[in-house]
Each structure stands twice: as C-alpha cells, then as structure tokens.
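A short write-up of the structure that comes next.
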2 protein chains.
Amino acid sequence: MQISDSPILKAIHERRSVRQFMEAPVSRDLIMTAIEAASWAPSGLNNQPWRFAIIWDKALREALAALTRYANILQSASVLIGVFLDKENSYDYTKDCQAVGACLQNLLLALHSLDLGAVWIGEILKNKERVIEILKLPEQLELMAVVAVGHPAHRNQKSHRLPLDKLILLEK
Amino acid sequence: MQISDSPILKAIHERRSVRQFMEAPVSRDLIMTAIEAASWAPSGLNNQPWRFAIIWDKALREALAALTRYANILQSASVLIGVFLDKENSYDYTKDCQAVGACLQNLLLALHSLDLGAVWIGEILKNKERVIEILKLPEQLELMAVVAVGHPAHRNQKSHRLPLDKLILLEK
C-alpha cells in the first residue's frame, strides 16, 4: 500500500497549518461544506457537542486578534471559525474534548481538500471568556479553538513526526 | 461542489462505526499504515502526546473485553489499538485531549480508506487504570480510547447529524 494510492492518506499526510493567506475572498459555500463535513465526526453517545461561529466581519476579527499573540494570522485570514463545546450537551469533559478534536480534524481535512488553507489556533483559549463576551454568545459555550481560513499564500510549511517505534509502546 | 467529487469529503461522510467483524485476519502492514497516518494529526506546540498499544493476543483481548459492556465487540475484533495520552508530554489537558481526538479521527479515516472497519470505544475509560495494569504500561499513560478493528461484516450502520442551522450559532 503506497500512501499516494489513497487520496485520504495523502490528504492526512500533506495537510499543513497555513498561516499566510492571499487576499482573495473565500466562498461561503465552501465554508459551509467544510463545517458540514466537520459535523460528521464521531462523538460519545453521538452527542455532537460541537458548535460553530463564522466570522467574516473585519472589526470582529480585529477584536479577536487582540486576544492572541497570533494576531497577524487572524487579521490576514478571510474568515475565522470559532469552535465551541456546548456544555449543556456535554456528558464527559475528556470525551467531549476528544470529539471536538475529531471534529476539528475533519474541518481541517475538508478545508484542505477544498484547496483552502487553515490553522488551528489554541493559544487564544487563554482568553476564552473574552471571546464569548465579544461574540455575545451564551455562557454554556466553552471556546475550544479558533480556525483561521483563507486561500493559502504558499504550502511550503514543513513539519515532522516522531517515528512509529517511539509511539507504539506495546505490540502483543 | 459535490461531496462525491472529493474522496476526502466522501470518506468523512461515509465512515461509520463498525461493530461486527469477519474472522479474516488483518494485515499488520495496514495497521502500521493507519497508526502512522494517525500520528499526522496536529497538536499544540506539535507535542504529539499520543501513544499506542497494539493487541492481537486473544487472551489479552479477552482481559480487556471484561472491562467494558461492549465485550463482544472487543472479542470479535481482529486487533485492538489502545490510544493513550502521555502525561509526561502533556502541556494542557484540554488541548491534549483534543489533539488525541484529532489523532483518533485520522486513525478511523485511515482504517476506512484501507477497507477496514473500526469503532472508537470510550466507555472502557471507566476502567482506564485497570487497562494500564493489564497491559503493564507505565502510569504516566492515560487511556484515551480503545479502537477495535477488523474486516467489516457489513457497512449498513446508519447515523445522523444535527442540521447546520442548529450547529452554527453566529455568522457575522
């Protein structure tokens, strides 16, 4: 089995965080397609604890950018997707965070497959309550991540992973 | 954009939990390919907090099966993949659980793309310390999930998701 034989394995390997974007506008249809794909993640008891906010507005993006050291990424993105845990639909914090992580990975893979670039910003969680206030969302929501999206300026980001013999602790 | 035009969107939509398996053995190469793909998930600071245990041994699978109400699934699977958080490589529990969730979604999508069936078992976390003991793993590991894998007996599992207007709370 060659990785290049499977478009899914290829996408999983080739997806990179994109932090520099072109100014070209992003189609709303593509964003909806990607969020819909994100929602097909698995969750415990199929509780689907993820919720989304889509932010195109420049002033609102500026206000969020001020809450993270990655301000320039949020400013240069065409659109931000806030991803939240709905605590009223939560049944187990650990499992719900995992489910939201699965949902985020679907979102990133879907955006990649649509030729968009994106980066998962977690550092903004240090100001998660401020994000809820600025967006005037109910307090039952907990910010899980902000995903910055745009047309990639380039795709030459490199990354690396630990070899399998460091990751597989036991085989029996 | 039709979902059927993109193999990645198609896989995200068509992947289902598989809970009934055929007896045919599963190739070790495919399991390694899927775990390697799983490791290409994103993580905060690229800390890669995920670790894996691969369990083919029938007696060991029986011992783990006794720890969950889904015993029959663990017994009938060809192989179990335990997925752990390495607490010594953890920097933020919420973000690390999300990263492990992204890794699990990669694993499930990769297995699906390799024509294998799998189900993410979270219910066994109620006995997570016992799993560590039975597998004789160090206590710095926290069980995050067990994924049961085999050749699917069928793929007629149905599922549903909330409509987008229930998931998108704000668009501005």
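The table for this structure:
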| read-out | value |
| --- | --- |
| Test for B:Ala38: is it in contact with a helix residue (DSSP H, G or I) (Cβ under 8 Å, 6 or more places away or on another chain), crowded, with 19+ Cβ neighbours inside 10 Å, more than 8 Å from chain A (Cβ to nearest Cβ) and on the phi < 0 side of the Ramachandran plot | yes |
| Residue list for segment A:87-106, filter: of a type outside the set (Ser, Thr, Tyr) and either part of a loop (DSSP other than H, G, I, E, B) or more than 10 Å from every other protein chain (Cβ to nearest Cβ) (or both) | A:Lys87, A:Glu88, A:Asp92 |
| Total residues in segment B:2-25, condition surrounded by fewer than 20 Cβ atoms within 10 Å (Cβ to Cβ) and in contact with a Leu (Cβ under 7 Å, 6 or more places away or on another chain) | 1 |
| So A:Asp57, is it over 15 Å from A:Leu116 (Cα atoms), free of Cβ contacts under 8 Å to residues at least 60 places away in the same chain, facing chain B (nearest Cβ under 7 Å) and among the acidic types (Asp, Glu) | yes |
| Those residues of segment A:1-36 which are of a type in the set (Ser, Thr, Tyr), assigned to a helix (DSSP H, G or I) and either closer than 28 Å to B:Leu30 by Cα or touching a Gly at 6+ places or on another chain (Cβ under 7 Å) (or both), in sequence order | A:Ser4 |
| Segment B:81-97, subset in contact (Cβ under 8 Å) with a residue 40 or more places away in the chain and under 21 Å from A:Lys126 (Cα atoms), residue surrounded by the most Cβ atoms within 10 Å (Cβ to Cβ) | B:Asp96 |
| Number of positions in segment A:108-124 that are assigned to a helix (DSSP H, G or I) and hydrophobic (A, V, I, L, M, F, W, C) | 5 |
| Residue in segment A:91-102 that is modelled with pLDDT of 95 or more, among the aromatic types (Phe, Trp, Tyr) and closer than 21 Å to B:Leu45 by Cβ present | no |
| Any hit, segment B:136-149, residues being under 23 Å from B:Leu30 (Cα atoms) and part of a loop (DSSP other than H, G, I, E, B) | no |
| Identity of the residue in segment B:37-83, assigned to a loop (DSSP other than H, G, I, E, B) and hydroxyl-bearing (Ser, Thr, Tyr), that ends up nearest to A:Ala145 (Cα to Cα) | B:Ser43 |
| Every residue from segment A:9-33 that is among the aliphatic types (A, V, I, L, M), touching a residue at least 24 places away in the same chain (Cβ under 8 Å) and under 14 Å from B:Ala11 (Cβ atoms) | A:Ala11, A:Ile12 |
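The values are calculated or read from the model by the stated rules, or taken from the named source; none is laboratory data. Keep in mind the model is a prediction, meaning the values are calculated, not measured. Backbone-built Cβ (ideal geometry, glycine too); neighbour counts: all protein chains shown.
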